[in-house]
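The values are calculated or read from the model by the stated rules, or taken from the named source; none is laboratory data. Since this is a predicted model, take the numbers as computed values, not measurements. FYI the Cβ positions are ideal-geometry reconstructions off the backbone, even for glycines, and counts take in every protein chain you see.
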Amino acid sequence: MSQRKYSAVKDRRTDGDSGLDNLSHWLIHRAARHTPDSLPQRMQEEWLADMAARTSALSRLRFAIGCCWATLVIAHQRPLVRMPVGAAVVAHPNLVRFSRRSSTLFLVVSLHVAVFYGVVSTLSHTHPGAPPPAPLQTREVPVTRPRELLSRLDPQMAQVTLDVHRPELDLNYEPDLSDVAAKFVEEPSHAGTPPASAEPPAHPVRQVQGGPGAGFPDPDDFYPMLSRHLEEQGVATVKVCVAANGRLAADPALMQGTGRARLDEAALKLAKAGSGHYRATTEDGRPVDSCYPLNIRFRLKN
Amino acid sequence: MAKQERDVRMSLQTLRVLEAFLESPTERLSGADVHQRCGIASGTLYPILLRLESAGWFVSQWESIDPSSAGRPRRRLYRLTSTGLRRASDVFASFNRGVLV
């Protein structure tokens, strides 16, 4: 009971969403009260505590609605669920009524409230001060042919005919490009200096690719317990972008997986945890930013 | 107890709950923790927890904190029993054998 008081006080502290929170609490009290056997007190306290871990009022309401459903499922599986408290199995008198009528009503009301809350919160977040856009107005423009328009302006002008001669163009002209080609060939000798866009002479750069350095985490520390148990092994290839100081410049990305989601996730965690312990790629002995593939092997040892 | 163990129905959600506990078998998890790891909704999660507890796979107890000093209500924490650990391991091992064949 003290738990209920605590939760009620805590909920009054939250402002703005108190209406939804009150509804959520009411749903949970109602749902827990209709759990069978010796469960009501326990489920109420457990659900209220777990609901308090949710961050948003809508999430808490979803949780409370789920608890209503959980009550029905628990009641349905009640022959299988005998809690080890030694309590006698007593049928709850209101169970049937709750499952058929009240729960449906609760669900319908809750869904309506959730939808209404979602619509209101969405509308309140979309530029509250901005005026609504003006509706588009369309106007039909009458199409008038040029000659009709001319006859309206001056009836005499409508009788005038214009003779336009087509220009005579010779499109079979073939320019003589020999002079241009000769000039193009001779031009570098006239300039005397190489063009500005010419590249400097190639200078060989000695590049040494980086990799895991001193203090890099041990893959065994990131081997998922379940994968060990299931004897999952494999090699994951992760793309890492390492800055000159040995830290990751971006989140690592999986290039080729092991075929096991757990191991792939562990490989990404390992690559991320190794930030600061990478050897940077060097060019002529100077560390530079670079991206390169990193193979991470998960292998079980006998 | 043996009969109750056989009564546990292995749905996909049940396997996900067991997987969350097998990640660190000695850790005690609340319903909120399991939801955070598996993403299973409360309407499905709590019946599974109760079912596994009644079958002897889990034991649960209240968190030993003072709600007023902790600033939050105490939670119900679940933990795998040795029976649960063995049975869950057998279940996953059987699935694994099926995949490897």
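Worth a mention:
- Looking across region B:34-52, the residues that are under 10 Å from the mean Cα position of the chain (by Cα) and more than 7 Å from chain A (Cβ to nearest Cβ) come down to B:VAL34, B:LEU45, B:ILE48, B:LEU49, B:LEU52.
- Meets criteria (more than 18 Å from A:ALA214 (Cβ to Cβ), of a type outside the set (D, E, K, R) and assigned to a loop (DSSP other than H, G, I, E, B)) for A:THR237: no
- Selected residue (only one of A:GLY215, A:GLY259 is in a loop (DSSP other than H, G, I, E, B) and within 30 Å of B:ARG16 (Cβ to Cβ)): A:GLY259
- Residue under evaluation B:ALA93, criteria (1) facing another protein chain (nearest Cβ under 10 Å); (2) outside any helix (DSSP H, G or I); (3) over 12 Å from the mean Cα position of the chain (by Cα), criterion not met: (2)
- Check on B:SER54, free of Cβ contacts under 8 Å to residues at least 24 places away in the same chain and small (Gly, Ala, Ser): no
- Residue match in region B:54-64 (condition: at pLDDT 90 or above, closer than 26 Å to A:GLN44 by Cβ and in contact with a His (Cβ under 9 Å, 6 or more places away or on another chain)): no
- Listed conditions (1) touching a Phe, Trp or Tyr at 6+ places or on another chain (Cβ under 9 Å); (2) closer than 29 Å to A:LEU61 by Cβ; (3) at the interface with chain A (Cβ under 7 Å from one of its Cβ atoms) are all met by B:LEU29, apart from (3).
- Residue match in region A:266-284 (condition: assigned to a loop (DSSP other than H, G, I, E, B), of a type in the set (Phe, Trp, Tyr) and more than 30 Å from B:SER94 (Cβ to Cβ)): no
- Count of region B:12-54 residues which are part of a loop (DSSP other than H, G, I, E, B) and in contact with a Lys or Arg (Cβ under 7 Å, 6 or more places away or on another chain): 2
- Residue ID - farthest from A:PHE63 (Cα to Cα), chosen from residues in region A:22-32 that are in contact (Cβ under 8 Å) with a residue 40 or more places away in the chain and not hydrophobic (A, V, I, L, M, F, W, C): A:ARG30
- Qualifying positions in region A:31-45 - within 11 Å of chain B (Cβ to nearest Cβ) and either hydroxyl-bearing (Ser, Thr, Tyr) or in contact with a strand residue (DSSP E or B) (Cβ under 6 Å, 6 or more places away or on another chain) (or both): A:THR35
- Within region A:46-55, tally of residues that are assigned to a loop (DSSP other than H, G, I, E, B), touching a helix residue (DSSP H, G or I) at 6+ places or on another chain (Cβ under 8 Å) and more than 7 Å from every other protein chain (Cβ to nearest Cβ): 1
- Matching residues in region A:56-70 - criterion: being assigned to a helix (DSSP H, G or I), more than 7 Å from chain B (Cβ to nearest Cβ) and small (Gly, Ala, Ser): A:ALA57, A:SER59, A:ALA64
- Complete set of residues in region B:38-51 that are touching a Gly at 6+ places or on another chain (Cβ under 7 Å) and within 17 Å of A:THR35 (Cα to Cα): B:SER42, B:GLY43, B:LEU45, B:TYR46, B:LEU49
- Looking only at region A:1-20, and only at residues there that are part of a helix (DSSP H, G or I) and more than 14 Å from chain B (Cβ to nearest Cβ), the one that is modelled with the lowest pLDDT: A:ARG12
- Of all the listed residues (B:ARG9, B:ARG74), the sole one being under 14 Å from A:ALA49 (Cβ atoms), in a loop (DSSP other than H, G, I, E, B) and within 9 Å of chain A (Cβ to nearest Cβ) is B:ARG74.
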